[in-house]
Amino acid sequence: MRNILITGVSRGLGLEIVKSILEEEDTVVYGISRSKSQGLVNLMDQYPFRLKWMSYDLNDVDHVRARIFKDFIGIQTPIHGFVNNAAVAYDDIVTNLNYEPLLDMYKVNVFTPMFVTKYVIRHFLLHQVKGSIVHVSSISVHTGYKGLAMYASSKGALEAFSKNTAREWGEKGIRSNILVAGFMETDMSATLTEDQKNRIYKRTSMKTPTTTKSVAATIRFLLSDLSRSITGQNVYVDSGTI
Ligand SMILES: NC(=O)c1ccc[n+]([C@@H]2O[C@H](COP(=O)([O-])OP(=O)(O)OC[C@H]3O[C@@H](n4cnc5c(N)ncnc54)[C@H](OP(=O)(O)O)[C@@H]3O)[C@@H](O)[C@H]2O)c1
């Protein structure tokens with residue numbers, strides 16, 4: 001059995017990643033989010049033994065080891081992959097920047113995921129697993145969008161963290177990659193107007209949103225042994241954004 005830890009599993013891309021990974025019969029998913037959606041409950045009914053879930057607020061940087069690794073997964077259970085998917089977006093123009101919401105976003109998007117990565121790698125080493133880590137980033141890091149400077153900066157931090165993690169742990173067979181996602185129609189992007197969405201689509205080669213299915217399938221590949229020689233990379237699934 002391969003055990004995969006995924007954050008942000010209640011909806012959007014996270015729920016799609018869980019579905020995709022559970023299609024492989026030798027996998028168990030350890031999923032984290034604050035709330036349980038109907039979609040997640042349905043999946044838990046469908047896979048009562050292979051989908052485990054815990055409520056955890058990723059704003060809490062301090063209890064990662066005790067709650068996630070001791071109580072939820074357990075030290076004796078090997079982990080084979082980690083998907084850092086959960087995130088929040090602090091949208092505003094730079095001249096309106098405030099410290100509190102910036103700090104809150106960095107805790108969820110960057111600080112707690114860094115600590116989860118720390119313990120995931122320790123888990124890999126303890127169980128001698130050549131594990132795979134995938135962080136979900138955003139095309140906004142590479143293109144720029146008005147109002148996304150703070151959010152994109154948090155994803156840029158993850159991209160640097162991933163590249164350096166890959167260099168640091170590659171000799172042990174541990175891999176770290178970034179999935180750079182284009183605009184997807186989820187709750188995170190639901191506040192955009194049709195006009196704003198159309199302007200975003202115009203910047204893609206395909207003139208369409210990116211599908212969560214396509215992103216989830218690529219993450220599944222990056223977690224699998226088929227991608228054994230890929231590490232330290234940014235993999236773009238973005239409908240060809242320019
Ligand atoms: N949507 C896009 O266009 C787009 C584009 C590029 C990249 N991305 C990235 O893709 C990933 C998934 O985004 P999405 O669009 O699926 O977002 P979403 O629909 O808003 O879902 C976010 C998920 O993260 C969880 N989450 C948020 N805050 C949390 C917290 N404090 N503690 C624990 N869990 C938390 C949410 O669960 P609870 O609310 O139940 O806690 C939810 O399951 C993110 O990394 C995002 O930055 C999105």
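Counting other beta carbons within 10 Å of each Cβ, put 1, 188, 114 in order, fewest first. Don't skip to the answer; put the middle values down first.
Details: 1 10, 188 19, 114 16.
Neighbour counts put them in this order, fewest first: 1, 114, 188.
Among 83, 136, 64, determine the one that fluctuates most according to a GNM of the chain built with springs between C-alpha atoms less than 10 Å apart.
With Cα springs under 10 Å in the chain, the top fluctuation among 83, 136, 64 is at 64.
Would you kindly work out the equivalent ellipsoid of the chain from its C-alpha gyration tensor and give its semi-axes, the square roots of five times the eigenvalues, largest first in whole Å?
Numbers: eigenvalues 150, 75, 71 Å².
The three semi-axes for the chain are 27, 19, 19 Å.
Round to a whole angstrom and tell me the spacing of the C-alpha centers of the stretch 28-73 and the stretch 89-103.
Between the Cα centres of the stretch 28-73 and the stretch 89-103 lies a distance of 29 Å.
Which of 20, 86, 234 sits farthest toward the positive end of the charge dipole of the stretch 2-235, with +1 on the Cβ of Lys and Arg and -1 on the Cβ of Asp and Glu?
Going by the charge dipole, the pick is 234.
By counting other Cβ atoms within 10 Å of each Cβ, how are 25, 185, 159 ranked from fewest to most?
Numbers: 25 7, 185 14, 159 17.
Neighbour counts put them in this order, fewest first: 25, 185, 159.
Just to be sure I follow: if Rg is taken over the C-alpha atoms of the stretch 1-137 and Rh is the Kirkwood radius over the same atoms, what is Rg/Rh? Let's see the in-between values first.
Values: Rg = 15.2 Å, Rh = 15.4 Å.
Value, to two decimals: 0.99.
With respect to the cross-link table entries 118/163; 36/70; 130/213; 70/118; 118/172; 146/202, which display a Cα-Cα separation exceeding 18 Å?
Numbers: 118/163 15 Å; 36/70 21 Å; 130/213 26 Å; 70/118 14 Å; 118/172 15 Å; 146/202 15 Å.
Violating the 18 Å limit, Cα to Cα: 36/70; 130/213.
With the Cα gyration tensor of the stretch 116-226 giving a ≥ b ≥ c as the square roots of its eigenvalues, does the rule (a/c under 1.5 for rounded; else a/b larger than b/c for prolate; else oblate) give rounded, prolate or oblate? Before the final figure, lay out each step's value.
Numbers: a/c = 2.84, a/b = 2.06, b/c = 1.38.
Cα axes put the stretch 116-226 in the prolate bin.
Could you size up the charge dipole of the chain around its Cα centre, putting +1 on the beta carbon of Lys and Arg and -1 on that of Asp and Glu, and report it in debye to the nearest 20?
On the way: 28 positive and 23 negative charges, 99 e Å.
The calculation lands at about 480 debye.
Since every read-out is calculated from the coordinates, none of them should be taken as a lab result. All values reported here derive from a predicted model rather than from experimental measurement. Here Cβ is always computed from backbone atoms with ideal geometry, including for glycine, and neighbour counts include all displayed protein chains.
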